[in-house]
Amino acid sequence: MKNTVNGDVARQLLDLSLVPAVPFRLTEQMEWQEFRPLELLLIQALRPQRILEVGTIIGDSYLSFCQAVRMLDLPTRCVCIPRLEPAGLKGGHGSKLEEFRMRHDALYSEFSEIETPGMSRRRIPEALYKFDLIHIICPG
């Protein structure tokens, strides 16, 4: 699917969906943009109670999940655990992660949270940390 012209497969699936929208946030990760509508469709189809994304780098996929939850008015709780920037690495993804966090907090903080290792910002009770949908981002 990744090699389709202009994301035709993703567009056809989105046309079948009740989610007639494209994600609000698309960054320079061009190679993954055609999959953003599929994330909306996935949330629509599964209607998960809880979503976890682990290894978030700049947050496009996670914000797509949150956007779908909002658009469908689901009672879903979402948790994101970003990938830590290696110590001493300058010019990495830190500023992009901060922009992601600001956008997230402004739009989705009532049902979603970004966990930061070593800092407890948890609003979702630990007993609810059982997830229906887990998205793991593996750096490659």
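The values are calculated or read from the model by the stated rules, or taken from the named source; none is laboratory data. Keep in mind that what you see is a predicted model, and the values were worked out from it rather than measured. With ideal geometry, Cβ positions are generated from the backbone for all residues, glycine too; neighbour counts draw on all protein chains shown. Surface areas here come from the heavy atoms of the whole protein model, side chains and all, with no ligands, DNA or RNA. Shrake-Rupley method; radii C 1.70, N 1.55, O 1.52, S 1.80 Å.
Annotations for the structure displayed:
- When the stretch 77-94 is limited to residues that are at pLDDT 65 or above and either surrounded by 20 or more Cβ atoms within 10 Å (Cβ to Cβ) or hydrophobic (A, V, I, L, M, F, W, C) (or both), the one that is farthest from residue 133 (Cα to Cα) turns out to be 84.
- Residues (touching a Lys or Arg at 6+ places or on another chain (Cβ under 9 Å) and either at pLDDT 90 or above or open to solvent by 80 Å² or more (accessible area, probe 1.4 Å) (or both)) located in the stretch 111-122: 111, 112, 113, 114
- Flag if residue 74 is modelled with pLDDT of 85 or more, not in a helix (DSSP H, G or I) and not aromatic (Phe, Trp, Tyr): yes
- Annotation: of all residues in the stretch 44-58 being closer than 20 Å to residue 73 by Cα and at pLDDT below 90, the one that is surrounded by the most Cβ atoms within 10 Å (Cβ to Cβ) is 44.
- Condition met for residue 37 (modelled with pLDDT under 90 and surrounded by 14 or more Cβ atoms within 10 Å (Cβ to Cβ)): yes
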